[in-house]
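To keep things clear, I will list the structure first and then write my remarks on it.
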Amino acid sequence: MFIVCGEALFDVFATAETATGLAFDGRIGGSPFNVAMGLSRLGQPVGFFGGIGTGFAGERLMKALVDERIATEAVVQLDAPTTLSLIGLDARGVPSYSFYGEGCADRLVRPAHLDRIPAAARAFHFGSYAMVVAPTAEAQRALVEREHARSLISYDPNIRANVEPDLQVWRDTLAWMLPRTTLLKVSDEDLGLLWPGRPVEDFAAEARAAGVPWVVVTRGGEGASGWTAAGRIDLPGERVTVIDTVGAGDTFQAALLTWLAEQGRLDRAGVAALDLDAQRAALGFAMRAAAITCSRRGADLPRRAEV
């Protein structure tokens, strides 16, 4: 069973001007929630570990978890508001985010809540701002420390500088995660924020030297690259008419994990043994899944039969 750790929130899209202001479309989201949804839709058993608030927004998030067949025993329900992510799209459908989440439930998970996680879980995904905001970050790190020696750890930094503007915090978190991570997926955009002008292959070499068996760097519509002990593989992007790219990276992550599960490689040894053909197959599967999401409005991730 997968456990995805982090935030669930509402993505709020500005859809049109009205006579008195703006019209908005609120949709369930959050990078970790999207990964959990992607895994479930791709046929994988998955649970969610994160804080969900009270009130109508929190109730709708809980309903979404149930509707998507995501296990909820590890959810921490808290008397707190729900984070809103206000999203604007540019002409290419690329999103920009503004987060309204101070004091919200997704930032209030504590190490004491770790006892909710099923003992049978052996594959965990972490990412986005839940890894850098206290006290949730403390709980996440405690879980990584507890599990990394026996479980697959997947990590996507998914940097949100408008939540934590100090990029050194993100660098320090990534450095701490490297020796504890089995699969690291990071976008070239995030690497450009952290180390402007640095070649991605230099970062990949550093991450591999720190102990990451599989490093994947995504480049949006330009494709993706992967590095294992067998070497580097580069794949071009899928051709697709883009509506927007919201949830594309999360789809890619869920698809990589699904591919590993379907191939019986959900452990450090299985990931470390990936050869170039296996990397090519995995990255191709993930890009096909992400392209489907890009062809739809918002984080509407594909089901297994579609990929």
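Derivation of every value follows stated rules applied to the coordinates shown; laboratory data play no part. Since this is a predicted model, take the numbers as computed values, not measurements. Every residue, glycine among them, receives a Cβ derived from its backbone with ideal geometry; neighbour counts consider all protein chains shown.
Residues whose amide H falls under 5 Å from that of GLY47, counting only those 5 or more places apart or on a different chain, are PHE2, ILE3, VAL4, ALA71, with hydrogens built in the peptide plane. Rg/Rh for the stretch 153-275 (Cα atoms only, Rh after Kirkwood) is 0.95.
The alpha carbon centroids of the stretch 79-128 and the stretch 254-307 are separated by 22 Å.
Shown in residue order for the stretch 257-274 are the 3J(HN,Hα) couplings computed by the Karplus curve 6.51 cos²θ - 1.76 cosθ + 1.60 at θ = phi - 60°: 5, 4, 4, 4, 5, 5, 8, x, 10, 7, 7, 4, 5, x, 5, 4, 8, 4 Hz (x for Gly and Pro).
What residue among LEU84, LEU143, LEU108 has the largest mean-square fluctuation in a Gaussian network model of the chain, using Cα springs under 10 Å? Of the options given, LEU143 has the highest mean-square fluctuation. For the stretch 105-149, the Cα-based Rg and Dmax, in that order, read 10.2, 29 Å. Against the empirical curve 2.2 N^0.38 Å, the C-alpha radius of gyration of the chain lands at a ratio of 0.93. Coupling constants for the stretch 31-39 follow from the phi torsions by the Karplus curve (6.51 cos²θ - 1.76 cosθ + 1.60, θ = phi - 60°), and in residue order they are 3, x, 4, 4, 4, 4, 4, x, 4 Hz; glycine and proline get x.
For a quick protection proxy, order the peptides 210-216, 292-298 by their average other-Cβ count within 10 Å, most packed first. Numbers along the way, then the final one.
Values: 210-216: 21.7, 292-298: 19.0.
Taking the mean over residues of other Cβ atoms within 10 Å, the ranking is 210-216, 292-298.
Size check on the stretch 1-149: the Cα extents along the three principal axes, sorted descending, read 55, 33, 27 Å.
For the stretch 142-185, dividing the convex hull volume of the Cα atoms by the residue count gives 68 Å³ per residue. With Cα atoms as the point set, the radius of gyration and Dmax of the stretch 33-86 evaluate to 11.1, 32 Å.
In sequence order, the stretch 120-125 has phi-based couplings of 7, 5, 9, 8, 10, 10 Hz under the Karplus curve 6.51 cos²θ - 1.76 cosθ + 1.60, θ = phi - 60°, and Gly or Pro positions carry x. P(r) for the stretch 123-209, from all Cα pairs and a bin width of 10 Å, is 17, 53, 27, 2 %, short bins first.
Can you tell me what percent of all Cα-Cα pairs in the stretch 255-295 are more than 14 Å apart? Provide the component values of the computation, followed by the final result.
Working: 380 of 820 pairs.
That fraction is 46 percent.
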